[in-house]
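The values are calculated or read from the model by the stated rules, or taken from the named source; none is laboratory data. Model, not experiment: these values are computed from the prediction. In this analysis, Cβ positions are derived from the backbone assuming ideal geometry, glycine residues included, and neighbour counts consider all displayed protein chains.
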């Protein structure tokens with residue numbers, strides 16, 4: 001055998017033995033493909049269904065009720081919130097409770113009975129341009145294909161075919177009228193960037209101290225564990241804010257995606273999420289002995305957050321069980337906050353509940369991670 005091949009063979013054998021001895025690393029290597037398979041099999045779907053809508057029905061007629069029922073029976077839409085006045089449209093779309101608000105005018109029924117086209121106004125949340133485009137297309141398709149049935153719903157006479165659709169939809173896209181996907185991606189990039197940098201960098205930085213043997217030197221000094229944690233965390237918080245500023249400036253001046261809401265509120269709420277990310281990074285460091293382990297454990301934490309948070313795919317289109325799991329993902333709440341401030345210009349009144357959840361989540365995770373770190377140090 002050629003000497004080069006022999007040396008390569010010995011290195012391969014050495015790496016196989018080293019990986020098999022490292023049970024944590026070996027477990028992550030085996031578990032990661034399974035998790036990705038489950039995520040891509042059940043969560044990553046190109047079909048969009050169960051689009052949440054609200055209906056302001058000023059007609060209150062059999063025809064309007066039949067129209068809404070046929071929208072729901074299509075499988076694409078579901079009525080999730082009541083709407084009784086125009087002010088509800090702002091509230092429902094600002095808080096992200098629904099994707100579409102339909103307004104059925106009072107003359108809806110009378111126009112249908114006179115065989116005249118009736119117009120339904122649709123206010124569409126355009127923060128996710130892809131979802132808004134598909135939802136608008138679904139709405140128009142269902143309306144056109146079922147318009148004749150709507151006209152004669154509840155009547156005794158047989159249906160007659162008319163040469164034009166009796167119900168027309170006039171979509172009005174809010175928050176992102178041009179349906180530019182970059183407006184949807186820029187706020188999401190901020191969220192994912194903070195998650196990736198803070199979790200992995202924090203974990204790797206602490207584990208590096210262990211590998212280099214300086215952790216033992218730090219332990220014998222008068223410094224306390226919480227001081228050590230703060231000393232490690234503060235630089236990464238600063239780095240996180242620097243990354244945020246870079247993305248915001250690039251989005252504003254390069255992609256023409258400016259913040260519609262309060263920048264101060266965005267940075268304040270981002271601090272709550274950084275608290276959670278630092279806690280997750282510290283937690284990853286307590287179960288890792290090498291920098292490679294820390295990096296893979298960080299990716300193990302980040303992957304579910306990316307796919308379960310609504311960063312790329314609508315949560316409403318996921319299976320019901322997975323939708324419940326998304327409530328345990330902190331990135332879900334932070335993405336709602338960033339996109340709400342960035343694209344909708346909403347404030348504290350609409351985002352206080354997400355902020356409160358992030359605060360509780362961060363305190364719990366950081367407390368658990370600190371206790372685990374102190375136990376590991378001891």
Quick check on residue 97: is it under 24 Å from the mean Cα position of the chain (by Cα), modelled with pLDDT under 90, assigned to a loop (DSSP other than H, G, I, E, B) and outside the structural domain of residue 295 (by TED's automatic domain parsing)?
yes
Would you tally the residues in the range 274-288 being surrounded by fewer than 23 Cβ atoms within 10 Å (Cβ to Cβ) and not in a helix (DSSP H, G or I)?
1
Does residue 229 meet the test of being at pLDDT 80 or above and either in contact with a strand residue (DSSP E or B) (Cβ under 7 Å, 6 or more places away or on another chain) or crowded, with 18+ Cβ neighbours inside 10 Å (or both)?
no
Kindly provide the set of residues from the range 164-195 that are crowded, with 18+ Cβ neighbours inside 10 Å and at pLDDT 80 or above, ordered by number.
187, 188, 190, 191, 192, 194, 195
Only residues that are over 23 Å from residue 80 (Cα atoms) and not in a helix (DSSP H, G or I): list them for the range 289-324, please.
289, 290
For the range 325-336, does any single residue satisfy the condition of being in the same structural domain as residue 185 (by TED's automatic domain parsing), over 29 Å from residue 248 (Cβ atoms) and assigned to a helix (DSSP H, G or I)?
yes
What do you reckon, is residue 360 free of Cβ contacts under 8 Å to residues at least 12 places away in the same chain, assigned by TED's automatic domain parsing to the domain that holds residue 186 and either over 30 Å from residue 100 (Cβ atoms) or outside any helix (DSSP H, G or I) (or both)?
yes
